[in-house]
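Just below is one structure, and these are the notes that go with it.
The values are calculated or read from the model by the stated rules, or taken from the named source; none is laboratory data. Source: prediction; values computed, not measured. Because the Cβ atoms are built from the backbone with ideal geometry, glycine has one as well, and the counts that use them run over all protein chains shown. Just so you know, the surface numbers come from the protein's heavy atoms only, side chains and all, with ligands and any DNA or RNA stripped out. Shrake-Rupley method; radii C 1.70, N 1.55, O 1.52, S 1.80 Å.
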Amino acid sequence: MEWLTKYPDRFVRECAELDKLAQEVNWLTFTWSITPAGLGLEVQLDMRVHERVYQARMGYPAVFPNAPLYIRPRDPSERWSNHQFGPGGSLCLQWRADNWNSEVTGADIIRSAYELLHIENIPVTPGVVPSAHIVTEGQSARSSFFRSIVTNDALSVIKGLQDQVKVELKTSSLFSDAGQIAFITNINVAEDNAHVVGDIPVGITGFSSLFSMREKVGF
């Protein structure tokens, strides 16, 4: 609870804004609490949305207001939204780590959570809240079990190949519970034209065979 002693005026503001919100709307009740370890401050929330009461907790990080608050279900098994980091996880709201503003209050975060749940849980015709995140190809591929890494050196060689040329690729693959990752290590266009990829991360080609495997792929 470092921020409480560092920014006491901000705590007073947080209390005032939450009290004001609870007076303005009829869907919110809340109580302040200390985390079980006694190191953090939380707000226990009951939000009534379309006749369902969502029991949540809003946490203040130690470095607040320089880091965003979070809202999660009090029941760690509950999944409420498509914009949630798994069962029991935080809701992905209007203000997040990538666009956080230190002037945003807990009351603002609660309003954002209510709006998300209200739209997604409209009876009969639930609404869709579009994602505000821009996901790169690399981020999208992280959930794939089989992945191939083409380094800058390998990519430059491949781009320089003529159309319909026969090429042999050699790869080294790493294995883990999360998947198989193959690195292109050699590009052979002909017996006398073999290119060793020069920007493979150190150690990839030298791993024990227990954790890596070399393969040949032709196309």
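Dividing the convex hull volume of the Cα atoms of region 142-189 by its residue count, what figure in Å³ per residue is obtained?
Details: hull volume 4.1 nm³, N = 48.
Given the Cα convex hull of region 142-189, per-residue volume reads 84 Å³.
Between residue 50 and residue 99, take the C-beta separation as r, use R0 = 22 Å, and let me know the FRET efficiency to the nearest 0.05.
Details: r = 28 Å, r/R0 = 1.26.
Efficiency for this residue pair is about 0.20.
Please enumerate, by chain and number, the aspartates and glutamates with C-alpha under 13 Å from the C-alpha of residue 20, excluding those fewer than 8 residues away in the same chain.
Within the straight-line limit of under 13 Å, residue 20 reaches these aspartates and glutamates: 108.
Keeping all protein chains in place and using 1.4 angstrom, which order do 90, 144 fall into by accessible surface area, from largest down? Mind showing how you got there, number by number?
Details: 90 20, 144 50 Å².
These residues rank, largest area first, as 144, 90.
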